[in-house]
1. Could you go through region 38-61 and let me know if any residue there is surrounded by fewer than 12 Cβ atoms within 10 Å (Cβ to Cβ) and of a type in the set (S, T, Y).
2. Assuming A15 fulfils every condition listed in (1) assigned to a helix (DSSP H, G or I); (2) free of Cβ contacts under 8 Å to residues at least 12 places away in the same chain apart from one, which condition is it?
3. In region 91-102, is there at least one residue being in contact with a Pro (Cβ under 7 Å, 6 or more places away or on another chain) and either part of a loop (DSSP other than H, G, I, E, B) or surrounded by 16 or more Cβ atoms within 10 Å (Cβ to Cβ) (or both)?
4. Which pairs turn up if I take residues in region 87-104 that are under 18 Å from A39 (Cα atoms) and among the charged types (D, E, K, R) and look for partners that are part of a loop (DSSP other than H, G, I, E, B) and at pLDDT below 85 with beta carbon separation below 9 Å, at least 6 apart in sequence or on another chain?
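The values are calculated or read from the model by the stated rules, or taken from the named source; none is laboratory data. Keep in mind that this is a model prediction, so the values were computed, not measured. We place every Cβ from the backbone using ideal geometry, glycine too, and count neighbours over all the protein chains shown.
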Amino acid sequence: MEQALEIIAGLMVLAGGFFCLVAGIGVVKLPDLFMRMHASTKAGTVGVGLTCLSLVLVGPTWIVAGKAVAVTLFMIATAPIGSHLIGRAAYRAGFTFWEPTIIEPIATETFPVDDDQA
């Protein structure tokens, strides 16, 4: 049973490393800020989550497993919020989209912006 858990944990670490690698390649290769932000948030969160959850399976104590779960939950909770705030700030600052990007008409309408709430 213990050997099976170690094999599963090893596969989870490999998968997590793969997702982190994909996130890094996405940050370097994708054409604009918004796509880079998407790659780093989605793939990075999955990669860290898989790596930490593998520690839950083979961690030496419950304290280590609890910390790994806490890190995973923290990443799941904060990565989308940080990504949204960065994207919103970039959009308001006037960063340009990649040229082939199709923008919906509702998104280009000008709405009154209250800078106190931003």
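1. yes
2. (2)
3. Within region 91-102 (the criterion being in contact with a Pro (Cβ under 7 Å, 6 or more places away or on another chain) and either part of a loop (DSSP other than H, G, I, E, B) or surrounded by 16 or more Cβ atoms within 10 Å (Cβ to Cβ) (or both)), the answer is yes, since at least one residue qualifies.
4. Note: pairs meeting the criteria are R88/A118.
Matching residues to (1) in contact with an Asp or Glu (Cβ under 6 Å, 6 or more places away or on another chain); (2) aromatic (F, W, Y); (3) modelled with pLDDT under 90; (4) closer than 19 Å to A9 by Cβ:
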{"residue": "V46", "(1), (2), (3), (4)": "no, no, no, yes"}
{"residue": "C52", "(1), (2), (3), (4)": "no, no, no, yes"}
{"residue": "V71", "(1), (2), (3), (4)": "no, no, no, yes"}
{"residue": "A77", "(1), (2), (3), (4)": "no, no, no, no"}
{"residue": "F95", "(1), (2), (3), (4)": "no, yes, yes, no"}
{"residue": "P100", "(1), (2), (3), (4)": "no, no, yes, no"}
